[in-house]
Every structure is written in structure tokens, then in C-alpha cells.
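Just so you know, all these numbers are worked out from the coordinates, no wet-lab data involved. Everything quoted here is computed from the prediction, not taken from an experiment. Virtual Cβ from ideal backbone geometry, glycine too; neighbours counted across all protein chains shown.
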Amino acid sequence: MMDAVTRQHFLGLNVERRYRLLYKPAVFVAGLAPLAWMICALFGGFGFSAGVDQVKFLELENGKTALNLIMLTLMITPARQLAGLPHLVRLRRMIGLFAFFYALLHFSVYVVLDLDLNWHMVGADVVKRPYITVGFTALLLLVPLAVTSTNRMMRRLGRDWSRLHRLVYVIALLGVWHFYWQEKLDVREPLLYTLMLTILLGYRFARSAWLRRLLTLLRVHRGRRPLGHPE
Amino acid sequence: MPSRVPRIAPSEITPPETYCNRRAFLAGAVAAGAALGSAGAAVIPARAGTPLHYAYDARDSVDALVDAPDQNRTPNTLEQISDYNNYYEFGTGKTDPAEYAGRLQTRPWNVAVGGEAEITGSFPLEEFLRPYALEERIYRFRCVEAWSMVIPWVGFPLAQMLTRFKPTSRAKYVVFETLYRPSQMPGQRVPILQWPYREGLRIDEAMNPLAFMVVGLYGRVLPNQNGAPLRLIVPWKYGFKGIKAIVRIAFTEVQPLTTWSQAAPDEYGFYANVNPNVPHPRWSQESERRIGNPFFHERQPTLMFNGYANEVAYLYKGMNLHRFF
């Protein structure tokens with residue numbers, strides 16, 4: 001059983017307290033670290049440098065941080081199931097909101113520093129340049145997720161909350177696609193993200209009821225036990 | 001261990017504004033007939049950053065334009081120009097060339113001239129460059145990625161070089177090729193582009209006075225990461241037309257296949273003229289970010305032919321620039 005793996009008390013604190021007093025604050029600080037690093041790099045502090053093109057640096061690093069954090073939220077479910085750490089889910093909301101934060105920063109840098117607040121240019125870009133359409137859509141889709149992230153919203157939406165938050169799969173796909181499409185030629189990094197996303201989504205697909213039904217239909221699977229579960 | 005390109009001490013670098021004023025002062029001196037070097041006999045030391053001696057020519061194509069924004073008159077700093085490069089032979093990162101180009105041995109260097117011309121052969125660089133008087137030109141530089149700089153190059157007109165080799169009437173195009181040496185150019189070990197890098201111009205484009213063969217930057221020998229020892233600059237076209245580390249020049253009858261249009265034919269064409277009306281398939285070319293502009297006002301409109309329309313528009317009269325991009 002999974003609970004047997006969780007130590008009930010550590011440092012004299014139970015799980016709920018451990019997460020509230022220790023792990024969540026730690027994750028909060030870690031979530032701010034990329035921003036702190038970028039600000040340091042802008043001013044050349046601690047040996048970090050934003051390079052010659054500081055606007056591009058800010059755009060790229062905020063975008064990649066947002067994407068990385070979305071990937072991190074997608075790793076939580078496999079980690080819970082494979083490593084037997086069910087309480088990791090308590091960190092997911094904070095990480096997801098940080099992803100939204102960095103996506104907003106990324107968009108703000110684009111509007112304010114790249115396009116110099118030329119809103120008509122922003123509009124033209126969103127409509128005419130497919131990679132920006134894709135990126136903007138991903139950002140838009142993050143908004144309902146951020147708005148419904150509170151405990152009250154979770155209670156109010158009930159089962160629909162899970163359905164809505166599956167949008168994160170689409171957002172992750174759009175984000176990687178946006179990254180791929182803006183790259184001039186060297187798409188190795190976006191392809192790496194594509195591979196990571198394939199593994200993360202593939203894992204869910206492999207364990208999904210949907211696949212089970214499909215395989216039962218094809219008479220491959222006997223349709224009794226979920227795939228991958230032990231006796 | 002790759003050696004970094006020798007760093008020029010900050011005290012040796014003239015700030016861009018002072019550099020421009022020095023230019024203006026010396027323009028007067030040249031006009032008064034005081035030449036600063038003999039015509040011809042260009043001697044290019046091997047070491048990047050070594051001061052160059054050249055007949056000072058205050059030709060500044062930027063000044064010729066009435067509409068050029070003020071910020072286009074101040075060149076970018078040496079650090080900006082030599083620390084932000086697209087030179088995939090050394091890696092695809094913007095700082096890869098600065099980090100790895102020190103490996104490149106720029107001597108001995110030979111330039112092979114061939115094709116439809118009366119005079120062909122392989123020339124050691126010193127012999128190749130000897131007949132030319134060096135001059136300085138401050139040109140706008142516009143990358144296809146929609147960023148731009150203003151750069152004070154040192155070199156000589158391409159037209160002078162071409163006439164020396166006496167191209168025949170069958171020579172319709174000039175083709176250039178970069179060195180292929182994966183042992184010193186680590187990016188060439190990956191087929192991200194088809195090596196060696198190849199570029200070309202129509203012969204009349206090549207004969208235009210603005211086309212410039214470059215050997216120096218800011219009055220000193222060109223840093224390796226900027227294309228040492230010899231590179232082309234075509235200021236009215238996107239930067240990738242400015243082929244670096246040239247080892248081969250050929251006159252051909254047929255339009256050559258250029259590297260970037262081989263890599264993505266729908267995105268990069270043979271002509272690659274800077275044109276705000278012809279977008280890149282994935283992004284707009286209507287405006288650009290000038291590196292070095294004030295932080296909240298980097299973006300500026302892109303000018304037709306990068307602002308050199310007066311000097312080059314005649315080359316494309318009647319041509320459909322959307323089709324021939």
C-alpha cells in the first residue's frame with residue numbers, strides 16, 4: 001500500500017504540517033529563484049550575464065521557465081504513482097501558479113520591451129504569426145486554470161474541476177509548439193521538450209481507462225485489471 | 001583548450017561617440033589632401049584586434065539618408081558586435097563564436113578565384129589583399145531575425161576586387177565559399193547547415209559600390225568571430241548574405257544555391273533584400289530591434305533596402321520582390 005511508504009512523522013511534524021511549514025515555503029523560494037537570477041543577470045551580479053540582447057534573454061528565460069514548470073507539474077502524477085509519494089500533489093498548485101506567473105512575465109516582456117507597447121503590433125502578431133497565435137492561446141488557457149486554483153473553486157466545480165484542469169495537456173503541447181516554431185533553425189532544444197512531453201503524456205495514456213477500453217475492444221486485453229497495476 | 005580571442009583593454013577602445021567625432025575631424029584632414037596611408041599596399045596583420053593602417057575615407061552611407069533615425073548614427077560597441085554573432089560554424093548560440101572562434105587559424109590563408117574570369121588561381125591572403133586601399137565604412141546591419149546594429153567596418157569595395165580578375169561576359173553571378181575545417185570549426189561537425197557555407201550575388205549587385213569586402217572592425221583587424229580574415233558585407237541585404245571566412249570566389253553563369261535557401265527555401269531566398277513589405281513566413285519584417293537603443297525603445301521601423309534604397313533600388317527595377325525574396 002502506498003501509505004506504508006509515507007513516514008507519518010518527521011521532525012515531529014505530520015504530513016500536513018510538513019508540507020505547510022517546510023516543503024511549500026521551500027518550493028516558494030525555489031519558484032522565485034529564476035526571477036532573482038534573471039534580475040541579477042540584467043545587472044551583471046554574481047557573475048551572471050544577460051548577454052548583448054537583454055530583451056531576448058528575458059523573453060527566452062521567462063518562457064523556458066514557464067514551460068519547465070508546466071513540465072514539472074506533469075511529473076507529479078507519475079512521481080506519486082511510481083515513487084509512492086502521494087502527497088506531492090500538495091505542491092502542484094503552487095508550481096502551476098508559478099508557471100502562470102512566468103508565462104505572464106514572458107508575455108509582458110514581449111509586449112513592453114520587445115514591441116514597446118505597440119498594441120496594434122501585438123494584435124497583428126497574434127493574428128498573423130502562427131507561432132504567436134499558439135503561444136497566446138496557451139497563455140489564455142492558463143487563465144481559467146489559475147482562476148480556479150483556489151480551494152473554494154475546487155469544491156464548487158467538483159468533478160468538473162478535474163476535467164477543466166486537463167487543459168494543462170493542451171497548454172503544454174501549445175507551449176512546446178510555440179517554442180519550436182519561433183526557433184530559426186536549431187530545434188534540438190524544442191525537440192527535447194517534445195520528447196519529454198511525449199513521455200509524460202504517454203505515461204498517462206498508457207494508464208488511462210480510455211486505452212483499456214480500446215484494447216478490450218481489440219480483444220488484446222481481458223478488461224479486468226488496470227494496466228500496469230500489480231496483483 | 002580553445003584560446004579566447006585576445007581582449008582589447010578598455011582603455012584602448014574609443015567610445016563610439018568619440019569615434020564618430022574623430023571621424024568627422026579626420027574627414028576634414030582627408031579633404032585637405034592629407035592621406036593617412038598609401039593607395040594600395042593593404043597590410044593586414046594576423047592577430048585580431050591589431051590596429052590597422054588605412055587611407056581614411058569618411059564615406060558614411062548613413063549620413064546620405066535624410067530619414068535615418070538619429071540613433072542609427074552611433075555605432076554599436078565592440079563588445080556588442082563581437083559577442084553576439086550568428087556564425088554556426090562555431091555553434092548556434094549567439095556567444096558560441098566569441099567562445100570558440102579563437103581556435104581558428106587565420107594564417108596561412110588562401111583565396112581561390114575561379115570560374116568565368118580571365119585571371120584565376122589560388123592566392124595567399126597577403127597577395128590577394130595587396131592592391132587595395134583600405135577604408136572605413138559605417139553600415140547598418142540587419143539580421144533576418146529582426147535585430148540590427150550599426151557597425152564600423154574596415155575594408156575595400158567588392159567592385160575593385162572583381163574587376164581585377166576580369167570576369168568574362170558569361171559571368172552573371174559571383175559565388176563565395178567559407179572555409180571547411182571541422183577540426184577548428186566545431187559547428188561544422190553537425191550538419192545543421194550544409195557545409196561549407198555558400199553565398200552569392202548577381203554580378204551587378206556585386207559591382208554596386210556598397211558591397212564591401214571586410215578585413216577590420218573599429219580600426220583594428222577583424223575578430224575571428226566576425227568573420228576573420230576576410231568577409232563580405234552587403235548592407236542592403238539580410239546579414240546572412242555577409243559570408244564569413246572566405247576561401248573561394250567564383251564567377252558563374254548560373255545562379256548559385258545558397259546555404260540558407262537550401263536549409264529553408266520558403267524562408268530564405270537568394271536575394272534576401274531587407275524589405276519591410278515581405279514578411280518572413282513565421283515573423284514580420286516591418287520593424288526591428290536595434291541592439292543598443294534605450295531599453296524601452298529598442299524597436300524601430302525597418303527601412304526598405306535597410307535604408308540604402310537610393311544606392312541600390314535600381315538593381316531591382318520591375319522585379320517582383322515578393323517572388324524574388
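For the range A:107-231, just say rounded, prolate or oblate: build the C-alpha gyration tensor, square-root its eigenvalues into a ≥ b ≥ c, call rounded for a/c under 1.5, and beyond that prolate if a/b exceeds b/c, oblate if not.
Note, shape of the range A:107-231 comes out oblate.
Apply the a/c threshold of 1.5 to the C-alpha gyration tensor of the range B:184-238 and tell me whether it is rounded, prolate or oblate.
oblate
Of A:His165, A:Phe100, A:Leu115, which is farthest on the positive side of the dipole of the protein assembly as shown, counting Cα position, with +1 on Lys and Arg Cβ, -1 on Asp and Glu Cβ, and the Cα centre as origin?
Positive-end residue among those listed: A:His165.
Can you name the helices of chain A, as whole DSSP H runs, whose Cα span along the helix axis is 15 Å or more and whose Kyte-Doolittle mean is not below -1.0?
Long hydrophobic helices here: A:24-43, A:54-83, A:89-109, A:130-147, A:167-182, A:188-206.
Filter the GluC sites (Glu not before Pro) in the range B:108-176 to those in DSSP coil with at most 16 other Cβ atoms within 10 Å of their Cβ, and list the result.
B:Glu118
Please report, in debye to the nearest 20, how large the charge dipole of the protein assembly as shown is about its Cα centre when each Lys and Arg carries +1 at its beta carbon and each Asp and Glu carries -1 there.
Taking the Cα centre of the protein assembly as shown as origin, the dipole is about 3280 debye.
Which GluC sites (Glu not before Pro) in the range B:176-264 sit in a loop by DSSP (not H, G, I, E or B) and have at most 15 other Cβ atoms within 10 Å of their own Cβ?
Passing sites in the range B:176-264 are B:Glu253.
Between B:Ile44, B:Thr168, B:Tyr271, whose Cα lies farthest towards the positive end of the dipole of the protein assembly as shown when Lys and Arg beta carbons carry +1 and Asp and Glu beta carbons carry -1, centred on the Cα centre?
B:Tyr271
Cα to Cα, under 16 Å, and not fewer than 8 places away if on the same chain: which lysines meet these conditions relative to A:Lys64?
Excluding near neighbours in sequence, the set is A:Lys56.
Can you compute the FRET efficiency between B:Gln105 and A:Trp119 using 1/(1 + (r/R0)^6), with r the Cβ-Cβ distance and R0 = 56 Å? Round to the nearest 0.05.
So the FRET efficiency works out to roughly 0.60.
Determine the relative contact order of the range B:220-325: mean sequence separation of Cα pairs under 8 Å and six or more apart, normalised by residue count, in whole percent.
That works out to 23 percent.
Evaluate the relative contact order of the range B:131-193 (contact order divided by residue number), counting alpha-carbon pairs under 8 angstrom at least 6 apart; express in whole percent.
With pairs under 8 Å counted, the relative contact order is 23 percent.
What's the local net charge at B:Tyr238, with K and R +1, D and E -1, over the other residues with C-beta under 10 Å away?
Here the count lands on +2.
For the protein assembly as shown, just say rounded, prolate or oblate: build the C-alpha gyration tensor, square-root its eigenvalues into a ≥ b ≥ c, call rounded for a/c under 1.5, and beyond that prolate if a/b exceeds b/c, oblate if not.
prolate
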